[in-house]
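Have a look at the structure below, then the notes.
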Amino acid sequence: MTSKELQQRLFAVGQRIEGAATRAGRAPGSVRLLAVSKTFGAEAVAQAVAAGQRAFGENYVQEGVEKIAELAAMGSAQGLPGLEWHFIGPLQSNKTRPVAEHFDWVHSVDRLKIAQRLSEQRPADLAPLQLLIQVNVDGEATKSGCAPGEVLALAQAVAALPRVQLRGLMCIPDPARPTEQRRAPFKALAALLAQLNAAGLAVDTLSMGMSDDLEDAVAEGATIVRVGSAIFGARAPKAPAA
Ligand SMILES: *Cc1c(COP(=O)(O)O)cnc(C)c1O
């Protein structure tokens, strides 16, 4: 993709977010765009940076860490602005260290052990790692994420950890859900966030909505939408190993 095309696609996604926010009576600036750059190279990220994008999402630990280093090198060579990196993929406990050391956010905390390790491994000279709890809103046994009924207890435990800051919740609803249920999982996640705030936790972030359903997510209160293919194009079918 040329820089021009990428710039136009980013702009179009921005317009979709703005339109959905306006229709929902929300300030357009209340929704942040996370550009999901998994499987795309550092060049594509640099093009997006040139078009004004600053926050990027990665799913695979090794690929993400390599890309962060490449962008940092390009950044100091070309005077690019600092970027914000979000880890959004499934996280195994033996892979937490590089994530704690290199990322700014983790969206996929689904059990206390992962959050504890991230907390222990977060270097003291970096800002607290910003955490979201991933919730399995569809209740599918095969999918990752904490069960809705366990979110409050997990959130309270995570909020007590040092060097990390609990910011809110994330979900990846079943993309094959029927049209009349497009918004239900997003509504459920927003209700859970309200429950956490009612219980005294100060959380402000709902990471929900992707290329195909960001309008539904924004209508239900998303504060971060994670968009990959609508920006960078279709991904190659096979993902690299984590
Ligand atoms: C790949 C991915 C996205 C982006 O998906 P698109 O449909 O390409 O926008 C968002 N969130 C997560 C967790 C992903 O793995």
| message | Can you report the number of residues in region 185-242 which are free of Cβ contacts under 8 Å to residues at least 24 places away in the same chain and of a type in the set (A, V, I, L, M)? | response | 5
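Somewhere in region 189-198, is a residue hydrophobic (A, V, I, L, M, F, W, C), in contact with a Leu (Cβ under 8 Å, 6 or more places away or on another chain), within 25 Å of Glu84 (Cβ to Cβ) and within 13 Å of the ligand (Cβ to nearest atom)? Talk me through it step by step, then tell me what you get.
Narrowing region 189-198 to residues hydrophobic (A, V, I, L, M, F, W, C): 189-194, 196, 198.
Of the ones still in play, those that are also in contact with a Leu (Cβ under 8 Å, 6 or more places away or on another chain) are 189-190, 192-193, 196.
From what is left, the residues that are within 25 Å of Glu84 (Cβ to Cβ) are 189-190, 192-193, 196.
Narrowing further to those that are within 13 Å of the ligand (Cβ to nearest atom): none.
The answer is no; no qualifying residue exists.
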| Under the condition of being in contact with a helix residue (DSSP H, G or I) (Cβ under 7 Å, 6 or more places away or on another chain) and more than 13 Å from Ser108 (Cβ to Cβ), which residue from region 133-153 is farthest from the ligand (Cβ to nearest atom)? | Leu152
| task | Quick one: which residue in Glu18, Glu63, Glu43 is within 20 Å of the chain's Cα centre (by Cα), in a helix (DSSP H, G or I) and away from the ligand (no atom under 16 Å from the Cβ)? | result | Glu18
| Restricted to region 22-39, and to residues that are part of a loop (DSSP other than H, G, I, E, B) and over 21 Å from Lys95 (Cβ atoms), which residue is least open to solvent (accessible area, probe 1.4 Å)? | Val31
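Only residues that are of a type in the set (Asp, Glu) and in contact with a Pro (Cβ under 8 Å, 6 or more places away or on another chain): list them for region 54-101, please. Quick ask: steps written out before the conclusion?
Applying the first criterion (of a type in the set (Asp, Glu)) to region 54-101 yields 58, 63, 66, 70, 84, 101.
Hits for region 54-101 are Glu63, Glu101.
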| When both residues are 6+ apart or on different chains and their Cβ atoms are under 6 Å apart, which pairs have a first residue that lies in region 93-120 and is closer than 23 Å to Arg54 by Cα, and a second that is within 16 Å of the ligand (Cβ to nearest atom) and of a type in the set (Ser, Thr, Tyr)? | His107/Ser207
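Can you name every residue in region 200-235 that is open to solvent by 50 Å² or more (accessible area, probe 1.4 Å), away from the ligand (no atom under 12 Å from the Cβ) and not in a helix (DSSP H, G or I)?
We begin by selecting, within region 200-235, every residue open to solvent by 50 Å² or more (accessible area, probe 1.4 Å); these are 200, 202, 204, 210, 212, 215, 234-235.
Retained after the next criterion (residues that are away from the ligand (no atom under 12 Å from the Cβ)): 200, 202, 204, 215.
Those that are open to solvent by 50 Å² or more (accessible area, probe 1.4 Å), away from the ligand (no atom under 12 Å from the Cβ) and not in a helix (DSSP H, G or I): Gly200, Ala202, Asp204.
The values are calculated or read from the model by the stated rules, or taken from the named source; none is laboratory data. Everything numeric here is computed off the predicted structure, so don't read it as measured data. Methodologically, a virtual Cβ is constructed for each residue, glycine included, from the backbone with ideal geometry; neighbour enumeration extends over all protein chains shown. In case anyone asks, the SASA skips ligands and DNA or RNA and just uses the protein heavy atoms, side chains included. Shrake-Rupley method; radii C 1.70, N 1.55, O 1.52, S 1.80 Å.
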